[in-house]
Amino acid sequence: MKLTDEQINSIVVKSIQLYLNNDKFDYSYIISNFAEAIIIATEEFKERMNQPSNITSMTQGARSVTYKDVGIGSLSDNIKMLLPKPYLRKW
């Protein structure tokens, strides 16, 4: 599946919105205030899309490669460090 940069950017911003869990962080606010997190998340997303989707580990002779098992919309700790703490709602 080939996604455009615009589609990837949209997925990244929606992932950040879900992580922050606060209505005051809308699409335009995230784009204008968390540019560094968006750039890093976009690059990580592109790397994940280039990895084989149904292979977790490959071995060829003495060489072995293991891929991270990270979901499409999940954010890494590197990105979470650039964002404010998520809002927790108590019911």
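General remarks:
- The number of residues in the range 73-88 that are assigned to a loop (DSSP other than H, G, I, E, B) and free of Cβ contacts under 8 Å to residues at least 12 places away in the same chain comes to 2.
- Listed by first and then second residue, the pairs linking a residue in the range 21-43 that is in a loop (DSSP other than H, G, I, E, B) to a residue that is open to solvent by less than 70 Å² (accessible area, probe 1.4 Å) and not polar (S, T, N, Q), with Cβ atoms under 8 Å apart and 6 or more places separating them unless they lie on different chains, are Asn21/Pro86; Asn22/Pro86; Phe25/Ile16; Phe34/Ile16; Phe34/Leu83.
- Which listed residue, of Ser76, Ser57, Ser53, Ser64, is of a type in the set (Gly, Ala, Ser) and either at pLDDT 85 or above or under 14 Å from Ser15 (Cα atoms) (or both): Ser76
- Some residue of the range 38-52 being closer than 21 Å to Tyr87 by Cα and of a type in the set (A, V, I, L, M, F, W, C): yes
- Scanning the range 1-52 for residues that are more than 30 Å from Arg89 (Cα to Cα) and not aliphatic (A, V, I, L, M) returns Lys2, Thr4, Asp5, Glu6, Glu43, Lys46, Glu47, Arg48, Asn50, Gln51, Pro52.
The values are calculated or read from the model by the stated rules, or taken from the named source; none is laboratory data. Note that the structure is a prediction, hence the values are computed from the model and not measured. As a convention, Cβ positions derive from the backbone with ideal geometry for all residues, glycine included, and neighbour counts pool all protein chains shown. Areas reflect the complete protein model, heavy atoms only, side chains present, ligands, DNA and RNA absent. Shrake-Rupley method; radii C 1.70, N 1.55, O 1.52, S 1.80 Å.
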